Amino acid sequence: MIQYEEGKWSPLFSLKGSVLQKAARWAVPVACLAAACSTAFRTYADDGVKEWIEEMKVSDRLRDFSFVLGFLIVFRVQTAYARWWEAGTLLQQLRGEWFNSFSSLLAFCNNDPQKWPEVERFQHFLVRLISLLYANALKQVSAMQDNAFELISIEGFDLDSLEAMIKAHDSCELVAQWIQRLIVDANTKDIIKIAPPILSRVYDQLGRGIVRLNNARKIRQFPIPFPLAQMVALMLLMHLVVTVFVTASKIDSAAIGAAFTF
């Protein structure tokens, strides 16, 4: 997500994440093409061509076509915003579920002074596993080129386990299994001292976090349906061509026609 200051003019002049650069790659050449077509139309077009344009009512058809295209673009933008908001909500819920399970495990640790060395090792290894789990989750849903997220530490992990995690089909599921196994061992050794029904809530929260992660991954793995994306792209291309033709035939000034087309 791109951070910006609300209520100020800074987003208008920010280039990071701006759509203006991508839009300009199309707008500038099309504006130049409109100026060239306008000049050529005024120079070479005869009265017969102008009468044919009037009879075809191209500008009226462009208006109707623009209405349909605008409806599809608004629909796609609304869908994209809904997907973006859903993804952010799922990630926040995921973080909350895993944080609650982690904090509960810390609270469930045995207070016996004789168990403190084992409890400390358990807590340190648990926080590294949770950090590894969350980093893998972000990596799976991230669309950034640089998705090397920071970890607390990888101390205590052997190279074979890390290599297996990297090669695994779903690294989050593997790390979640490590956490569950760690909890079972800690409960067996009385490192965790709590009633089983209460401890089961930790497993529920870990599982719900994985479910929310899968729902967030769905948004990235299933883009806008291809027929809809293809239709919108084709209509945009047709609109581009027709707009150039209409401005060239309707506006006498090449500069004004280029400005309107831009």
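The values are calculated or read from the model by the stated rules, or taken from the named source; none is laboratory data. Because the structure is a prediction, the values reported are computed rather than measured. Cβ coordinates were reconstructed from backbone atoms using ideal geometry, including for glycine residues, and neighbour counts include every protein chain displayed. In case anyone asks, the SASA skips ligands and DNA or RNA and just uses the protein heavy atoms, side chains included. Shrake-Rupley method; radii C 1.70, N 1.55, O 1.52, S 1.80 Å.
Here are the numbers:
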item: Top-ranked residue of the range 163-172 - restricted to ones that are part of a helix (DSSP H, G or I) and of a type outside the set (Asp, Glu), ranked as most open to solvent (accessible area, probe 1.4 Å); result: Lys167
item: Total residues in the range 141-162, condition in contact (Cβ under 8 Å) with a residue 12 or more places away in the chain, more than 27 Å from Glu118 (Cα to Cα) and open to solvent by 40 Å² or more (accessible area, probe 1.4 Å); result: 2
item: Options Asp146, Asp160; residue that is among the charged types (D, E, K, R) and assigned to a helix (DSSP H, G or I); result: Asp160
item: The range 183-199 residues that are closer than 15 Å to Asn111 by Cβ, paired with ones that are open to solvent by less than 90 Å² (accessible area, probe 1.4 Å) and aromatic (Phe, Trp, Tyr) (beta carbon under 6 Å, 6 or more apart); result: Ala186/Phe122; Ile191/Phe122; Ile192/Phe108; Ile194/Phe108
item: Members of the range 83-130 found to be within 29 Å of Ile219 (Cα to Cα), aliphatic (A, V, I, L, M) and either open to solvent by less than 30 Å² (accessible area, probe 1.4 Å) or at pLDDT 90 or above (or both), listed by number; result: Ala87, Leu90, Leu94, Val127, Leu129, Ile130
item: Selection within the range 179-226 - closer than 18 Å to Leu129 by Cβ, among the hydrophobic types (A, V, I, L, M, F, W, C) and either open to solvent by less than 50 Å² (accessible area, probe 1.4 Å) or modelled with pLDDT under 90 (or both); result: Ile179, Leu182, Ile183, Ala186, Ile191, Ile192, Leu199, Val202, Leu206, Ile210, Leu213
item: Test result for Val19, open to solvent by 50 Å² or more (accessible area, probe 1.4 Å) and modelled with pLDDT of 75 or more; result: no
item: Val175 vs. criteria touching a strand residue (DSSP E or B) at 6+ places or on another chain (Cβ under 7 Å), in a helix (DSSP H, G or I) and either of a type in the set (Phe, Trp, Tyr) or open to solvent by less than 30 Å² (accessible area, probe 1.4 Å) (or both); result: no
item: Check on Arg201, charged (D, E, K, R) and under 30 Å from Val77 (Cβ atoms); result: no
